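The next block holds one structure in the form of structure tokens; read it before the comments.
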Amino acid sequence: MKVLLAYSSKTKNTKKVAIAIYEQIKELVEVDFIDIRKTKHKLQNYDLYILGCWVDKATANKNMMKFIETQEIKNKNVALFMTCGVPENHYHATDSINNYIQYMKNLNNNVLSSFICQGKIDPKILIVFKILTWKDPNFIHKIDNTMLEWVESSKSHPNEEDFKNAKNWINNTLQSFNKI
């Protein structure tokens with residue numbers, strides 16, 4: 001089975017999860033492991049596309065969406081993973097992975113499974129949120145105690161448990177895919 005494991009990472013959160021997944025599957029399948037920023041040519045077809053990205057505006061970041069479009073990842077078998085600044089059980093994480101899944105389904109892809117885990121929050125985002133709150137007192141992402149707690153809790157992610165969960169997720173996905 002030929003697999004593409006491609007990721008988009010801004011602050012290395014998604015890259016770390018992608019490496020954990022790669023280490024788990026490299027002996028099990030024939031896998032091409034790529035950072036999408038370093039891919040300038042059209043790739044071959046694969047049996048399975050494992051696509052990882054960071055959350056931006058409650059969906060896949062624009063670099064991943066452009067990669068999917070450029071590589072014409074349509075009517076394919078896909079497994080999706082994301083990193084997000086909030087815990088995976090937070091509504092923003094749930095909405096984000098569901099939006100990514102829907103985006104891929106709209107391209108007629110067969111979404112086999114998905115995974116999301118917390119990653120460190122980019123410190124620059126807090127500056128942006130402060131400015132936006134200053135401009136609009138009703139801005140949805142106000143810097144408050146809850147936001148500061150998320151920032152603090154995100155500093156330890158992704159962690160070993162996140163990597164273990166990602167490895168278990170990809171094992172289960174590959175086992176299910178081989179049975180289809």
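A few remarks follow.
- Residue that is surrounded by the most Cβ atoms within 10 Å (Cβ to Cβ) [pool: residues in the stretch 147-164 that are among the polar types (S, T, N, Q) and assigned to a helix (DSSP H, G or I)]: SER154
- Number of positions in the stretch 74-94 that are touching a Leu at 6+ places or on another chain (Cβ under 8 Å) and in contact (Cβ under 8 Å) with a residue 40 or more places away in the chain: 3
- Unmet requirement for PHE129, which otherwise passes all of (1) in a helix (DSSP H, G or I); (2) surrounded by 14 or more Cβ atoms within 10 Å (Cβ to Cβ); (3) modelled with pLDDT of 95 or more: (3)
- When LYS142, LYS167 are checked against the criterion of being of a type outside the set (S, T, N, Q), surrounded by 14 or more Cβ atoms within 10 Å (Cβ to Cβ) and touching a residue at least 40 places away in the same chain (Cβ under 8 Å), a single residue qualifies: LYS167.
- Among the numbered conditions (1) surrounded by 23 or more Cβ atoms within 10 Å (Cβ to Cβ); (2) closer than 17 Å to ASN168 by Cα, the only one that ILE25 does not meet is (1).
- The set of residues from the stretch 1-35 being in a strand (DSSP E or B) and of a type outside the set (D, E, K, R) comprises VAL3, LEU4, LEU5, ALA6, TYR7, VAL31, PHE33, ILE34.
- Here LYS105, LYS167 are screened, and the one residue that is in the same structural domain as LYS16 (by TED's automatic domain parsing), within 22 Å of ASN61 (Cβ to Cβ) and of a type in the set (D, E, K, R) is LYS105.
- Here ILE34, ILE19 are screened, and the one residue that is over 18 Å from ASN77 (Cα atoms), without any contact (Cβ under 8 Å) to a residue 40 or more places away in the chain, assigned by TED's automatic domain parsing to the domain that holds LYS62 and surrounded by fewer than 19 Cβ atoms within 10 Å (Cβ to Cβ) is ILE19.
- Residues of the stretch 64-79 include at least one that is outside any loop (DSSP other than H, G, I, E, B), small (Gly, Ala, Ser) and within 14 Å of the chain's Cα centre (by Cα).
The values are calculated or read from the model by the stated rules, or taken from the named source; none is laboratory data. Worth saying up front: this structure is predicted, and the values here are computed from it rather than measured. Neighbour counts are summed over all protein chains in view; Cβ atoms, including those assigned to glycine, are modelled from backbone coordinates with ideal geometry.
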